[in-house]
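Here is the structure we will look at.
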Amino acid sequence: MDNPGSSIIAALGGGSGVDFVQLANDLSDATYAFQRSNLQSRNEALEARISSAALIRSSLTQLASALGDRMRSGDLAPRASIGNSTVASVSTTPGVTPSGTYSLEVSQLARSQTLATKTYGAADDVVGEGTLTIRFGTVDGSTFTEDTGNPAFDIAVDASDTLTTLASKITAQSDGRLDAYVANGASGAQIVIKGEDGAANGFVVEATSASATPSATPGDLSYLAWNPASDAGELRQGALDATFSLDTVEMTSPSNTVTGLPEGIGLTLTGTNEGAPTTVSFDANTTAITAVMSDFVAALNDLTGSLGSEAAAFGGTLGNDAGARELKRDLARLTSETVMPGAAEGEPSTLADLGLKVTREGNFEFDGERLAQTLADYPEATAAMFTTGPFGVFATMDGLARDNTLRSNPGSLGGSLVRYEAQIERNEERLSRIADQQENLRARLTSQLVAAERQISGSQSTLSFLEQQIAAWNRPN
């Protein structure tokens with residue numbers, strides 16, 4: 001937008017011939033040019049440091065995070081084996097390292113109750129109007145003990161319902177606790193109702209017929225009622241808990257999928273071996289541990305390469321950064337860091353025991369022979385170093401990453417970022433003040449120069465008048 005001083009000077013005829021508005025702009029700009037340029041250069045340097053520090057900080061965090069992911073969901077868990085694979089399959093909990101051997105004897109598998117109703121002529125026979133109530137609990141011989149924590153449910157049965165539609169209603173209205181279908185057998189059509197595994201998931205069927213005189217015959221809903229005291233062969237299979245012994249300790253489970261066992265062991269029971277216990281054992285996955293250490297060393301070298309370039313003493317963006325220097329020191333002593341403070345005498349406790357070496361040039365190397373010897377001598381203790389627990393390889397790297405990226409620690413890369421960001425903010429505030437000061441100076445100079453232009457214009461007008469008068473006086477009569 002044009003400055004109003006330009007119009008004023010143009011109106012006065014531009015007496016001096018000098019563009020005082022442009023002159024005011026140039027003078028005010030030149031007055032603060034050095035300060036502005038200096039601050040902008042500082043900000044560019046600070047932004048470069050922030051970029052470098054953020055890059056290294058991110059690389060360090062990603063290394064620790066990737067290591068944790070590898071240990072939580074990778075292939076580092078000890079390999080489980082079982083002597084009799086027909087009895088069970090074995091699993092482990094991520095982050096937990098089972099060890100040793102266990103005896104397992106399965107005497108009974110968990111199973112569900114299966115009930116086949118009395119027979120009908122066909123699947124499309126009507127069952128009778130009324131209400132069917134199904135209660136859950138434990139069936140023991142001829143007795144039933146209701147589980148009030150597993151709520152009963154009612155099914156409204158209308159006059160048009162058949163075996164097929166009633167079976168669908170049972171399945172749909174049970175919230176997944178029952179599965180019902182119609183089976184057409186040699187003696188006729190029956191509704192087969194199956195519950196969930198576990199002794200407490202048994203059930204009884206109560207029927208309230210809408211008939212004034214219930215007959216307990218096909219076509220009257222009371223014909224479908226069942227309880228263990230009146231069983232006439234409808235109960236085809238009772239609900240049971242799984243029973244087994246782990247190291248001779250008897251245990252039960254409502255499901256054949258068993259969790260909550262010592263050291264994070266999980267079992268999926270598939271058969272029985274009563275009187276012939278089998279053995280469950282766990283071996284360190286040496287191949288996976290070797291692969292992880294090899295990848296870990298490669299990742300460390302990528303990190304130290306970036307750090308060496310960005311924090312070089314001469315020419316490095318972070319050459320004099322305190323956080324970068326501290327990270328260099330931490331990495332240099334990484335091999336001797338005790339990562340398992342509770343290790344017994346002779347057991348591996350440092351990353352050097354796992355084959356991590358540092359060369360004279362400051363690079364990392366992987367000593368596969370050293371790791372192989374450690375695995376051979378102490379397989380369980382070595383495997384224990386590769387968990388997500390409070391100690392070990394991951395805990396050490398996670399702690400190193402946290403310490404060096406913590407923004408509240410002025411001696412870390414995180415602290416450096418905070419410091420550089422604060423300096424940029426202060427410089428931006430100073431640049432804003434300079435812009436205000438420059439604008440004020442420009443306005444003041446413009447005002448002063450416009451006033452001077454008026455005076456010059458006035459003087460030129462007076463001079464022109466005098467020249468005209470003198471010329472008139474000097475003309476001959």
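The values are calculated or read from the model by the stated rules, or taken from the named source; none is laboratory data. Because the structure is predicted, anything quoted here is derived from the model rather than measured. We place every Cβ from the backbone using ideal geometry, glycine too, and count neighbours over all the protein chains shown. Ligands, DNA and RNA are excluded from the accessible area calculation, which covers all protein heavy atoms including side chains. Shrake-Rupley method; radii C 1.70, N 1.55, O 1.52, S 1.80 Å.
Which count do you get for residues in the stretch 163-174 that are open to solvent by 20 Å² or more (accessible area, probe 1.4 Å) and touching a residue at least 12 places away in the same chain (Cβ under 8 Å)?
Taking the stretch 163-174 first, the residues open to solvent by 20 Å² or more (accessible area, probe 1.4 Å) are 164-165, 168-169, 171-173.
Okay, now just the ones that are also touching a residue at least 12 places away in the same chain (Cβ under 8 Å), so 164, 168-169, 173.
Counting residues in the stretch 163-174 that are open to solvent by 20 Å² or more (accessible area, probe 1.4 Å) and touching a residue at least 12 places away in the same chain (Cβ under 8 Å) gives 4.
Hey, among the residues in the stretch 392-438 that are under 20 Å from Ala324 (Cα atoms) and among the basic types (Lys, Arg), which one's nearest to the chain's Cα centre (by Cα)? Spell out the reasoning first.
Here is the first cut: in the stretch 392-438, the ones under 20 Å from Ala324 (Cα atoms) are 396-424.
Applying the additional criterion that residues be among the basic types (Lys, Arg) yields 402, 407, 419.
On the way: Arg402: 17, Arg407: 22, Arg419: 29 Å.
The extreme case among them is Arg402.
Taking the criterion of being more than 23 Å from Thr138 (Cα to Cα), without any contact (Cβ under 8 Å) to a residue 24 or more places away in the chain, touching a strand residue (DSSP E or B) at 6+ places or on another chain (Cβ under 9 Å) and open to solvent by 30 Å² or more (accessible area, probe 1.4 Å), would at least one residue in the stretch 185-201 satisfy it? Steps first, please.
As a first pass, look at the stretch 185-201 and keep what is more than 23 Å from Thr138 (Cα to Cα): 185-190.
Still in the list and also without any contact (Cβ under 8 Å) to a residue 24 or more places away in the chain: 186.
Among the residues that remain, those that are also touching a strand residue (DSSP E or B) at 6+ places or on another chain (Cβ under 9 Å) are: none.
No, every residue in the stretch 185-201 fails to be more than 23 Å from Thr138 (Cα to Cα), without any contact (Cβ under 8 Å) to a residue 24 or more places away in the chain, touching a strand residue (DSSP E or B) at 6+ places or on another chain (Cβ under 9 Å) and open to solvent by 30 Å² or more (accessible area, probe 1.4 Å).
Name, by its number, the condition in (1) open to solvent by 30 Å² or more (accessible area, probe 1.4 Å); (2) modelled with pLDDT of 90 or more; (3) farther than 30 Å from Ala30 by Cα that does not hold for Arg433.
Among (1) open to solvent by 30 Å² or more (accessible area, probe 1.4 Å); (2) modelled with pLDDT of 90 or more; (3) farther than 30 Å from Ala30 by Cα, the lone unmet condition for Arg433 is (3).
Among Pro214, Pro218, which is the only one that is in contact with a helix residue (DSSP H, G or I) (Cβ under 9 Å, 6 or more places away or on another chain), open to solvent by 60 Å² or more (accessible area, probe 1.4 Å) and over 24 Å from Asp147 (Cβ atoms)? If you could, list the steps in order and put the result at the bottom.
Working: Pro218 fails: in contact with a helix residue (DSSP H, G or I) (Cβ under 9 Å, 6 or more places away or on another chain).
Step by step, each of Pro214, Pro218 is checked, and only Pro214 is in contact with a helix residue (DSSP H, G or I) (Cβ under 9 Å, 6 or more places away or on another chain), open to solvent by 60 Å² or more (accessible area, probe 1.4 Å) and over 24 Å from Asp147 (Cβ atoms).
Considering only the stretch 134-148, state which residues are charged (D, E, K, R) and either in contact with a strand residue (DSSP E or B) (Cβ under 6 Å, 6 or more places away or on another chain) or open to solvent by less than 60 Å² (accessible area, probe 1.4 Å) (or both).
Arg135, Glu146, Asp147 - these are the residues of the stretch 134-148 that are charged (D, E, K, R) and either in contact with a strand residue (DSSP E or B) (Cβ under 6 Å, 6 or more places away or on another chain) or open to solvent by less than 60 Å² (accessible area, probe 1.4 Å) (or both).
List every residue pair whose Cβ atoms lie under 6 Å apart, where the two residues are 6 or more positions apart in sequence or sit on different chains, the first residue falls within the stretch 40-59 and is of a type in the set (D, E, K, R), and the second residue, located anywhere, is surrounded by fewer than 17 Cβ atoms within 10 Å (Cβ to Cβ) and not in a helix (DSSP H, G or I).
Once the first residue is of a type in the set (D, E, K, R) and sits in the stretch 40-59, no partner that is surrounded by fewer than 17 Cβ atoms within 10 Å (Cβ to Cβ) and not in a helix (DSSP H, G or I) comes close enough.
Considering Leu27, Leu60, Leu67, Leu23, which residue is modelled with pLDDT under 90, out of contact with any Pro (no Cβ under 6 Å at 6 or more places or on another chain) and closer than 30 Å to Ala322 by Cβ?
When all the criteria are applied, what remains is Leu67.
Residue-by-condition table, conditions (1) among the charged types (D, E, K, R); (2) more than 30 Å from Asp158 (Cα to Cα); (3) outside any strand (DSSP E or B); (4) modelled with pLDDT under 95:
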{"site": "Thr208", "(1), (2), (3), (4)": "no, no, no, no"}
{"site": "Ser211", "(1), (2), (3), (4)": "no, no, yes, yes"}
{"site": "Tyr223", "(1), (2), (3), (4)": "no, no, yes, no"}
{"site": "Ser245", "(1), (2), (3), (4)": "no, yes, no, no"}
{"site": "Glu250", "(1), (2), (3), (4)": "yes, yes, no, no"}
{"site": "Leu267", "(1), (2), (3), (4)": "no, yes, no, no"}
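Quick one: Phe391 ticks every box in (1) more than 27 Å from Leu307 (Cα to Cα); (2) in contact with a Gly (Cβ under 8 Å, 6 or more places away or on another chain); (3) open to solvent by 30 Å² or more (accessible area, probe 1.4 Å) except a single one, so which number is it?
Of everything listed in (1) more than 27 Å from Leu307 (Cα to Cα); (2) in contact with a Gly (Cβ under 8 Å, 6 or more places away or on another chain); (3) open to solvent by 30 Å² or more (accessible area, probe 1.4 Å), Phe391 misses just condition (1).
What do you reckon, is Gly323 of a type outside the set (Ser, Thr, Tyr), outside any loop (DSSP other than H, G, I, E, B) and at negative phi?
So Gly323 passes the test.
Taking the stretch 330-384 as the region of interest, how many residues are assigned to a loop (DSSP other than H, G, I, E, B) and either out of contact with any strand residue (DSSP E or B) (no Cβ under 8 Å at 6 or more places or on another chain) or in contact (Cβ under 8 Å) with a residue 12 or more places away in the chain (or both)?
24
Of these, Thr374, Thr382, which one is in contact with a Pro (Cβ under 7 Å, 6 or more places away or on another chain) and either open to solvent by 80 Å² or more (accessible area, probe 1.4 Å) or at pLDDT below 90 (or both)? Break it down into steps so the answer makes sense when it comes.
Working: Thr374 fails: either open to solvent by 80 Å² or more (accessible area, probe 1.4 Å) or at pLDDT below 90 (or both).
That would be Thr382, the only listed residue that is in contact with a Pro (Cβ under 7 Å, 6 or more places away or on another chain) and either open to solvent by 80 Å² or more (accessible area, probe 1.4 Å) or at pLDDT below 90 (or both).
Please specify each residue of the stretch 233-264 satisfying the condition of being open to solvent by less than 20 Å² (accessible area, probe 1.4 Å), over 13 Å from Ser91 (Cα atoms) and either among the aromatic types (Phe, Trp, Tyr) or free of Cβ contacts under 8 Å to residues at least 60 places away in the same chain (or both).
The one that is open to solvent by less than 20 Å² (accessible area, probe 1.4 Å), over 13 Å from Ser91 (Cα atoms) and either among the aromatic types (Phe, Trp, Tyr) or free of Cβ contacts under 8 Å to residues at least 60 places away in the same chain (or both): Phe244.
Tell me, please, whether a residue that is closer than 27 Å to Val393 by Cβ, touching a strand residue (DSSP E or B) at 6+ places or on another chain (Cβ under 8 Å) and either surrounded by 16 or more Cβ atoms within 10 Å (Cβ to Cβ) or at pLDDT below 90 (or both) can be found in the stretch 308-327.
No, every residue in the stretch 308-327 fails to be closer than 27 Å to Val393 by Cβ, touching a strand residue (DSSP E or B) at 6+ places or on another chain (Cβ under 8 Å) and either surrounded by 16 or more Cβ atoms within 10 Å (Cβ to Cβ) or at pLDDT below 90 (or both).
Just give me the residues in the stretch 394-414 being open to solvent by 30 Å² or more (accessible area, probe 1.4 Å) and assigned to a helix (DSSP H, G or I), in sequence order.
Asp398, Arg402, Asp403
So in the stretch 100-120, with the set limited to residues that are among the polar types (S, T, N, Q) and open to solvent by 40 Å² or more (accessible area, probe 1.4 Å), which one is nearest to Pro390 (Cα to Cα)?
Among those residues, the one meeting the criterion is Thr101.
Residue by residue, here is whether (1) open to solvent by 30 Å² or more (accessible area, probe 1.4 Å); (2) of a type outside the set (Ser, Thr, Tyr) holds:
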position	(1), (2)
Ser37	yes, no
Arg49	yes, yes
Gln62	yes, yes
Met71	no, yes
Leu76	no, yes
Ser91	yes, no
Ala122	yes, yes
Val127	no, yes
